[in-house]
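Inspection log for the structure reproduced underneath, given as structure tokens.
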Amino acid sequence: MIMKNKILTAVCMIMILLPWTILPLRSFQWALKSPTAEIMIGCYAVFMIFCGIFTAFAYVKAGVQNYFMKICLIINSLYAAGGTVLLGMMVNSQFM
């Protein structure tokens, strides 16, 4: 039980850092071109939404409710909201 809590907390803490890897990737020229940029941003947005859902599931259903998990829940929920907004903007721009 304790090991499960530590593993889920560690996974959620790593998920906080992974969306920031888009910044070094966007420094390359190929990442700024049209089809690649949309695909990359879309994938990061979906991953951020998944992070928020996974963290909420681990907090509520798995019962991992320690201090670090509360921080992860707040940050990953903000990431999920931002990812949802990004996907919404991408879909909206495709239909307009």
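Between the stretch 1-30 and the stretch 54-96, the alpha-carbon centres lie 13 Å apart.
Taken over the chain, the convex hull of the Cα atoms encloses 88 Å³ per residue. When all protein chains stay in place and ligands, DNA and RNA are ignored, the 1.4 Å accessible-area order of Leu25, Leu78, largest first, is Leu78, Leu25.
Please list Ile14, Ile2 in order of solvent-accessible area, largest first, computed with a 1.4 Å probe with all protein chains present.
Descending accessible area places them as Ile2, Ile14.
Other residues within the sphere of radius under 15 Å centred on the Cβ of Gly52, judged by their own Cβ, net out at +2 (K and R +1, D and E -1). Overall, the ratio between the Cα radius of gyration of the stretch 45-96 and 2.2 N^0.38 Å, rounded to two decimals, is 1.33.
Accessible area of the chain with a 1.4 Å probe: how many percent of it is carbon plus sulfur?
78 percent
Per residue, how much accessible surface does the chain expose to a 1.4 Å probe? Answer in Å², no decimals.
Value for the chain: 68 Å² per residue.
These residues, Met48, Met89, go from largest to smallest accessible area, 1.4 Å probe, as Met89, Met48. Calculated mean residue ellipticity at 222 nm for the chain: -27000 deg cm²/dmol, from DSSP H runs with n ≥ 4 weighted as -39500 (n - 2.57), summed, divided by the residue count and rounded to 500. Between Ile49, Ile39, Ile75, the residue with the greatest mean-square fluctuation in the GNM of the chain (Cα pairs under 10 Å linked by springs) is Ile39. Computed with the Debye formula from one identical point scatterer per Cα of the stretch 7-53, without solvent, the log10 of I(q)/I(0) at q = 0.20, 0.28, 0.29 Å⁻¹ comes to -0.68, -1.00, -1.04.
The values are calculated or read from the model by the stated rules, or taken from the named source; none is laboratory data. Everything numeric here is computed off the predicted structure, so don't read it as measured data. A quick note on method: Cβ atoms are made from the backbone with ideal geometry, for glycine too, and the neighbour counts reach across all protein chains shown. Heads up: the accessible areas ignore ligands, DNA and RNA and are worked out on the full protein's heavy atoms, side chains in. Shrake-Rupley method; radii C 1.70, N 1.55, O 1.52, S 1.80 Å.
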